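Data block below; observations after.
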Ligand SMILES: *Cc1c(COP(=O)(O)O)cnc(C)c1O
């Protein structure tokens, strides 16, 4: 089965990992800082913390933003459930606001309408790699006195009005799952602009441990002494995986270019195919595409999904609206809440897109899809 997304691993990646395995540190060692420094070059200088997954990154971001019980987090339902689940795990109420029909991104107007006096964060999702409308979302967040968070699991390497993703929001999270643009097998990172929030994030990643005597409540026990002031978790990404990440980042520009080439080819090859809506691109963004999301009209999405899969083409659907999950249904969320997101989901289909996809394989995908829809 041709997958919808997959990693691209070279011998250099293998060697980078092997080199760490032969060394002194398997977990927290010099590769972690190196990877974080390389990442920060992609976030326009905003400091980054490597963590164990994109989900952990979101959890850390909500902690650093001070999200807790009674707070409300506004976000898009057209995302992987983790964007909302991690806010709910902090005890916050998730308020879903609808998406723009062309990009599938959080609609700033809908987000503004969802603001209450309990709003503490607005979390955008750069769906498929296309940056959200950050200027407008910033205005919504500022007026609400809320943090602006970007779930950039899809969009590492993208730019919004000339700013690299990582710059527009207060906190930006990445995922390095193998289908994503850069991989560490499992892994993620959070970019944090504010120094105090960065400190909170770094502590939460490491059990909440306070090691600097100047910050301890009861210093003077000895060099071994460390304290926990707030509970944390172990979300440390090991050296082995950071070495893979740093090696992968060296090819991010090439990944982005090949993905853009494939997206342009899909655009040309699929233009005019009946019953198909191709993804939009706003003029002020430079996406590093993670997905190629088409919309299959006329109620034929399921049929097309099944026939493509039957032909060995691993198309995917991204995503079921987050509040359709029974866990949200049990909390009282009802279908019909975000009609644009539901309409998008009903028609959405992700075609194969990854750097090692060949033109010939892509031609085959196009021929198969065209034959079904013709
Ligand atoms: C992949 C993804 C996540 C979660 O990342 P993991 O590394 O799988 O935990 C969160 N949000 C979005 C939009 C994603 O695509």
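Miscellaneous remarks
- Helix-only CD estimate at 222 nm, as mean residue ellipticity for the chain, using -39500 (n - 2.57) per DSSP H run (n ≥ 4): -11000 deg cm²/dmol
- Size-normalised alpha-carbon gyration radius of the stretch 252-373, reference 2.2 N^0.38 Å: 1.15
- Ranking of 74, 320, 313 by neighbouring Cβ atoms within 10 Å, starting from the fewest: 320, 313, 74.
- Of interest is the spacing of the C-alpha centroids, which for the stretch 68-90 and the stretch 349-374 amounts to 34 Å.
- Burial ordering of 325, 221, fewest other beta-carbon atoms within 10 Å first: 221, 325
- Cα pair count fraction exceeding 31 Å, expressed as % - the chain: 37 percent
- Spatial offset of the stretch 264-314 relative to the stretch 100-121 amounts to 26 Å, using the alpha carbon center of each.
- Förster-model FRET efficiency, 22 Å R0, residue 228 and residue 26, C-beta, rounded to 0.05: 0.35
- FRET efficiency for residue 253 and residue 34, using Cβ-Cβ distance with R0 set to 22 Å, rounded to 0.05: 0.75
- Range of Cα positions in the stretch 121-240 per principal axis (Å), largest first: 51, 39, 21
- Gap separating the Cα centres of the stretch 9-31 and the stretch 196-230, nearest whole Å: 29 Å
Since every read-out is calculated from the coordinates, none of them should be taken as a lab result. Quick caveat: nothing in here was measured; it's all calculated off a predicted structure. For neighbour counting, all protein chains shown are included, and Cβ atoms are generated from backbone atoms with ideal geometry for every residue, glycine included.
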